[in-house]
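Working notes for the structure below.
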Amino acid sequence: MNRKKQWMSLVMIGLTLFLTQCKKAEDVEPEEENELITTVVLKFTESGSTTPLQFTFRDTDGDGGNAPTTFDKIALKANTSYTLTVEFLDESKTPAEDITEEVEEEADEHLVIFTATPASLLTYVYGDKDANNFPIGLTGTATTGAAGTGKLKVQLRHQTPVNGVPVKNGTPGPGSDDVNLDFDLEVN
Amino acid sequence: MHKAYICNIVAKYRNSFILFKQGILILLGLLNLLPGLAQSVEKDCHCFVKGVVKDEHTGLPVVGATVLLIGKNTGTFTDAEGRYQFAGLCPGVYDVECRIVGYQSSRHRIDLTEGHEEDFSLAETEIHLNDIDITTQRTDAPSTQPLSILSGSALAQTRGQSLGESLKSITGLTTLQTGASIAKPVIHGMHSNRILIMNNGIRQEGQQWGSEHAPEIDPFIATRLAVVKGAAGVRYGSDAIGGVILVEPKELPIDKPISGEVNTVYFSNGRQGVASATLQGGIKGLEGFGWRAQATGKRGGNIRTPNYFLDNTGISEQNFSLAAGYRKGGFGIEAFYSHFTTQIGIFSGAHIGSVTDLLAVLENGEPLIKSDFSYSINRPFQDVEHDLLKVETHYHFPDGNRIQWVVARQLNQRAEYDLHRPRNDSLAALNRPELNFKLNTLTNDLIWDHKPLARKFAGQLGLSTLYQYNLMSGRPLIPNFDQWNIGLFAIERLVQNGWELEAGFRYDYRFLSTYRIVSREKVTNIFRFHNASGTIGAGRNLSDAWSVRFNMGSAWRAPNVSELFSDGVHHGAAAFEEGNENLQPEKALNSVLSAQYEHSRLRVEVGAYYNYIRDYIYLKPQPEPILTIRGAFPYFKYTQTNATFAGLDVNAELNLTKELAWTSKFSYLRVTDVRNDSYLVMIPANRWDNALKYQWKEAGQWSNLYASVTNRWVAEQRRVPPASDFAPPPAAYSLWAVQAGGKWEVSPKNQLELTITVDNLFDTVYRDYLNRFRYFSDEIGRMISLRAQWSFGG
């Protein structure tokens, strides 16, 4: 009798294991906690001016899907000095999330790099520093050279510590790209 | 007291001590049956072999099995009690082969050599007929298709390695790797969803589509790894296009004394330790019971290439399995549960954000991230769990029919952690995986083996169902889905006049319903796939030495969710991959011709295959790259073509002297994209293995004492589509390995098997085309492995 009971409970446990389904596949939720950079905004402010020139890359649905909706050409005056600030946004969410703040909070793991080709088109000097005295690049000074056309590469390097040891050393080397965009650049 | 002329029967496959006694006993039986014969001294042909063929699983006699005496080219069938008998045999060496549909054919060597006169004094109770009983293991593998088996010492020499690595010694098998710690088996150039793994009779269901998703199986649960090469869709259902891997534990030790095995392995590279133990037995006082418990632990650190360590390549694994069964009469029931957990570090130097990052590593020639040895596993890493619960029950009807029902539930949980945590502190604090998959599978198999008809036809009918659902969270990669499958099959086999003919048919239907979010809206897609597969084969033993088999089989697979819905950058490959909802199932038609020659000193096995795959799904490069926020990525779309996989596997073994043997394994594969008159990417290069093994015949308490040297040569893969890759396929390489080992019989019930191996003896720097991390680093350097296996009891 006792054994019969044991068997029954075993069978019951077995059935439960076989037939439980807690969550249904069709209950699919939009992923709100997924972090994405969809938008890069470059703001060039001429000394003495208060209205910045604004150039944007925007791909609100992230990689793939619809093609990027905005990829502005940067047009600047020759031989001029600008204050350059950069903003990173996640516009896949409403309201849009400002990733710039988070880059700032983790400044010791991030580095923004501006590279002009040809190099004579634009030179960049960092205007900010992280806790370890390495540049960040969220704000700085961009000085244009003689008139010409080319590219401005904007990179956000994510320089996560390796085995808990910080790797950021002020150079582009460590880490990997979170942003890597070649804006068209025209200096007149 | 008898004076006897002995046909001393020694079968190679068992403990010689027992067999000697057995031989004598058989002889004594013979004496009882044929009085007077024993006194004859001349070399006459009056030896005989008889026995019972039993199912290893149920212990019941197998009726209607063909038992062939290879040396004599004669055969017989087992009767209603499973008995067979060969009489009138001359002394000599014979191979007895036993075959029946649904069972793996088994061959036993019997040595009926001329004996000498001896006096025997045996107690009355010992004088009973002890036959050559054959226990045969059920297998679903088609008998006319090449089946490669890894068991015993060959398996022991791979202990501690992953399933993929363990199978590499089989001709025609390679691995698809992601770094040194993730290896997926490749059969004849096919992997992932194109091969099927049967884990203890259950089709393994994980996220197989991912090239970095290794099978979630602990090879220590198996005492036999078998590989069916080529399409085997009829018996196994969808996905068995390239072949099937059978991971098979030993039968439960019903009513047997407690026995066990302890394995310990140390790998110098990665300073990895592996330990596994098995304990099993029957239960005293409870007739018909058997049980087994097994557990494995594994821990390793950073792997070293000849010149540098690979950061974050540690591994940690904990597995266990429990099994229990009961048999009475024709009835049997068995339950099996296994749990697999692994944490695998992914080489951090392989993380790239953009093509620029990849080109920088390629230009550098070695990883940009340097490391020392460490056991710690950091981001990026995978955390994978797999649970399998299986219940099998069967009943043998007294008339020879048999019915079997297997139900199994699997839960595969895979969490993948990216290198970067979320920047948002509160999210980062949760430390959640960026990719999280939960795949739940319920399978049912109902199989009816009909009793042999006219002692010639044997066959089985089967019904298989599968229900599966997938839950995905984190970064959207594949959709959630529900999937139902039903398959019906029938296989018949005829054994007559030295021929073995086989034919089978199957029909499968699959219903797939996917759920995903597109632009904040839920989108449901419904897919219905169905397919008919067939198999036909013939085998014949042409002479004592020659046997030939031919099989033509088909298989299919429905496009998987990643092929249907991929839409994003594959970071390991720096490629943008886009799925295609209109993909049709792939269909394969595979022909295999295999021949075996076995003569005193030489054994050669040749298998030639031609696998034509219609609507082969692959990633086709698009002319324009795709622009993302991390720059432009090469753009690939899932497309279909027709492809052929043609190749040759050659296995040769030559005994140069009694002690020295040479083994050679060669595999050639040529894959063509027929529609585009081109090649396909990621096809393993041709390879040739050669080994010299010296085995000591007598070495005191040691048996199987040997030393060997092996060379593996792998060609450069020259057949690649033009401009398909960031780097050309790596150069050819040649690796040397040495090994020594032996079995020490401490006592009849205690055996210790020790092996030492040095792989990549000369610390050769090389890269392999089928390692997805070949852009980033060299392959693993020299490695010394120490293995100890202690078996006791039984």
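The values are calculated or read from the model by the stated rules, or taken from the named source; none is laboratory data. Remember, predicted model here, so these are calculated numbers, not experimental data. All Cβ positions, glycine included, derive from the backbone under ideal geometry; neighbour counts span all protein chains shown. These accessible areas exclude ligands, DNA and RNA; they are computed on the full protein's heavy atoms, side chains included. Shrake-Rupley method; radii C 1.70, N 1.55, O 1.52, S 1.80 Å.
You will find that of B:F481, B:F489, the residue that is open to solvent by less than 20 Å² (accessible area, probe 1.4 Å) and within 14 Å of chain A (Cβ to nearest Cβ) is B:F481 and no other.
For the range B:415-460, how many residues are among the charged types (D, E, K, R) and surrounded by fewer than 21 Cβ atoms within 10 Å (Cβ to Cβ)?
Within the range B:415-460, the first condition is being among the charged types (D, E, K, R), and the residues that meet it are B:416, B:418, B:421, B:423, B:425, B:432, B:434, B:438, B:445, B:449, B:451, B:455-456.
So of that shortlist, the ones also surrounded by fewer than 21 Cβ atoms within 10 Å (Cβ to Cβ) come out as B:418, B:421, B:425, B:432, B:434, B:438, B:451, B:455-456.
Looking only at that region, the number is 9.
Can you tell me which of B:P728, B:P721 is surrounded by fewer than 19 Cβ atoms within 10 Å (Cβ to Cβ), over 27 Å from the mean Cα position of the chain (by Cα) and farther than 15 Å from B:R767 by Cα?
Details: B:P728 fails: farther than 15 Å from B:R767 by Cα.
When all the criteria are applied, what remains is B:P721.
Annotation note: of A:F71, A:F88, A:F57, the sole residue that is open to solvent by 60 Å² or more (accessible area, probe 1.4 Å), within 14 Å of another protein chain (Cβ to nearest Cβ) and either free of Cβ contacts under 8 Å to residues at least 12 places away in the same chain or over 16 Å from A:Y124 (Cβ atoms) (or both) is A:F71. Contact map, the range B:216-232: first residue within 18 Å of B:E205 (Cβ to Cβ) and modelled with pLDDT under 90, second residue of a type in the set (G, A, S) and not in a loop (DSSP other than H, G, I, E, B), Cβ cut-off under 9 Å, separation 6 or more or different chains; pairs are B:A232/B:G243; B:A232/B:G553; B:A232/B:A555.
Within the range B:511-521, one or more residues are free of Cβ contacts under 8 Å to residues at least 12 places away in the same chain, among the aliphatic types (A, V, I, L, M) and within 14 Å of chain A (Cβ to nearest Cβ).
Quick grid of which residues meet (1) under 30 Å from B:Q751 (Cβ atoms); (2) β-branched (V, I, T); (3) in the same structural domain as B:L173 (by TED's automatic domain parsing); (4) crowded, with 18+ Cβ neighbours inside 10 Å:
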position: B:N655; (1), (2), (3), (4): yes, no, yes, no
position: B:K665; (1), (2), (3), (4): yes, no, yes, yes
position: B:D673; (1), (2), (3), (4): no, no, yes, yes
position: B:N676; (1), (2), (3), (4): no, no, yes, no
position: B:L692; (1), (2), (3), (4): yes, no, yes, no
position: B:E698; (1), (2), (3), (4): yes, no, yes, no
position: B:N704; (1), (2), (3), (4): yes, no, yes, no
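Okay, residues lined up against (1) modelled with pLDDT of 95 or more; (2) under 29 Å from B:A277 (Cα atoms); (3) hydroxyl-bearing (S, T, Y):
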| residue | (1), (2), (3) |
| --- | --- |
| B:P728 | no, no, no |
| B:K743 | no, yes, no |
| B:D759 | yes, yes, no |
| B:F776 | no, no, no |
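Taken over the range B:617-648, residues that are touching a residue at least 40 places away in the same chain (Cβ under 8 Å), assigned to a strand (DSSP E or B) and out of contact with any Pro (no Cβ under 7 Å at 6 or more places or on another chain) amount to 12.
In the range B:495-504, how many residues are hydrophobic (A, V, I, L, M, F, W, C) and closer than 16 Å to B:V234 by Cβ? Please lay out each step first, then the result.
Pass one, the range B:495-504, residues hydrophobic (A, V, I, L, M, F, W, C): B:495, B:499, B:501, B:503.
Retained after the next criterion (residues that are closer than 16 Å to B:V234 by Cβ): B:501, B:503.
Number satisfying all stated conditions: 2.
Suppose we filter B:G400, B:G474 for residues that are within 8 Å of chain A (Cβ to nearest Cβ) and either in contact (Cβ under 8 Å) with a residue 60 or more places away in the chain or within 30 Å of A:E102 (Cβ to Cβ) (or both); which single one remains?
Numbers: B:G400 fails: within 8 Å of chain A (Cβ to nearest Cβ).
Criteria check complete, one pass: B:G474.
Collect the residues in the range B:505-533 that are under 26 Å from B:S238 (Cα atoms) and aliphatic (A, V, I, L, M), keeping them in residue-number order. Listed by number, the residues that qualify are B:L512, B:I526, B:A532. Restricting the range B:318-361 to residues that are open to solvent by less than 30 Å² (accessible area, probe 1.4 Å), of a type in the set (S, T, N, Q) and at the interface with another protein chain (Cβ under 10 Å from one of its Cβ atoms) leaves a set whose member that is farthest from B:I254 (Cα to Cα) is B:S354. No other residue among B:R767, B:R787 is assigned by TED's automatic domain parsing to the domain that holds B:Q157, open to solvent by 30 Å² or more (accessible area, probe 1.4 Å) and touching a residue at least 12 places away in the same chain (Cβ under 8 Å) apart from B:R767.
Scanning the range B:281-317 for residues that are polar (S, T, N, Q) and open to solvent by 30 Å² or more (accessible area, probe 1.4 Å) yields a total of 1.
Residue-by-condition table, conditions (1) of a type in the set (A, V, I, L, M); (2) in contact with a helix residue (DSSP H, G or I) (Cβ under 9 Å, 6 or more places away or on another chain); (3) without any contact (Cβ under 8 Å) to a residue 12 or more places away in the chain:
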site	(1), (2), (3)
B:K370	no, yes, no
B:S376	no, no, no
B:L389	yes, yes, no
B:H396	no, no, no
B:W405	no, no, no
B:R409	no, yes, no
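Does B:F529 qualify as being surrounded by 21 or more Cβ atoms within 10 Å (Cβ to Cβ) and not aliphatic (A, V, I, L, M)? Considered against the rule, which asks whether it is surrounded by 21 or more Cβ atoms within 10 Å (Cβ to Cβ) and not aliphatic (A, V, I, L, M), B:F529 comes out as no. Mind checking which residues of the range B:335-363 are within 26 Å of B:F320 (Cβ to Cβ) and part of a loop (DSSP other than H, G, I, E, B)? Result: B:I346, single match. Taking the criterion of being within 21 Å of B:T158 (Cα to Cα) and either polar (S, T, N, Q) or out of contact with any Pro (no Cβ under 8 Å at 6 or more places or on another chain) (or both), the residues of the range B:205-223 that qualify are B:H213, B:A214, B:E216, B:I217, B:D218, B:P219, B:F220, B:T223.
Within the range A:165-187, take every residue that is at pLDDT 90 or above and polar (S, T, N, Q) and give me the one that is nearest to A:A147 (Cα to Cα). This residue is A:N180. Within the set A:D182, A:D178, the sole residue that is open to solvent by 30 Å² or more (accessible area, probe 1.4 Å), within 11 Å of chain B (Cβ to nearest Cβ), under 22 Å from A:F44 (Cα atoms) and under 21 Å from the mean Cα position of the chain (by Cα) turns out to be A:D182. Considering the range A:144-173, and only residues there that are part of a strand (DSSP E or B), open to solvent by 50 Å² or more (accessible area, probe 1.4 Å) and among the β-branched types (V, I, T), the residue that is farthest from the other protein chains (Cβ to nearest Cβ) turns out to be A:T149. Assessment of the range B:446-464 against the conditions (within 14 Å of chain A (Cβ to nearest Cβ), assigned to a strand (DSSP E or B) and out of contact with any helix residue (DSSP H, G or I) (no Cβ under 7 Å at 6 or more places or on another chain)) yields no matching residue.
The set of residues from the range A:107-137 being crowded, with 20+ Cβ neighbours inside 10 Å and of a type in the set (D, E) comprises just one member, A:E109.
A residue that is away from chain A (no Cβ under 14 Å) and of a type in the set (F, W, Y) occurs somewhere in the range B:580-601. All of (1) within 30 Å of A:L156 (Cα to Cα); (2) surrounded by 15 or more Cβ atoms within 10 Å (Cβ to Cβ) hold for B:P623 with one exception: (2).
Which one is nearest to B:H57 (Cα to Cα), of the residues in the range B:364-420 that are among the small types (G, A, S) and not in a strand (DSSP E or B)? Among residues in the range B:364-420 that are among the small types (G, A, S) and not in a strand (DSSP E or B), the one nearest to B:H57 (Cα to Cα) is B:G400.
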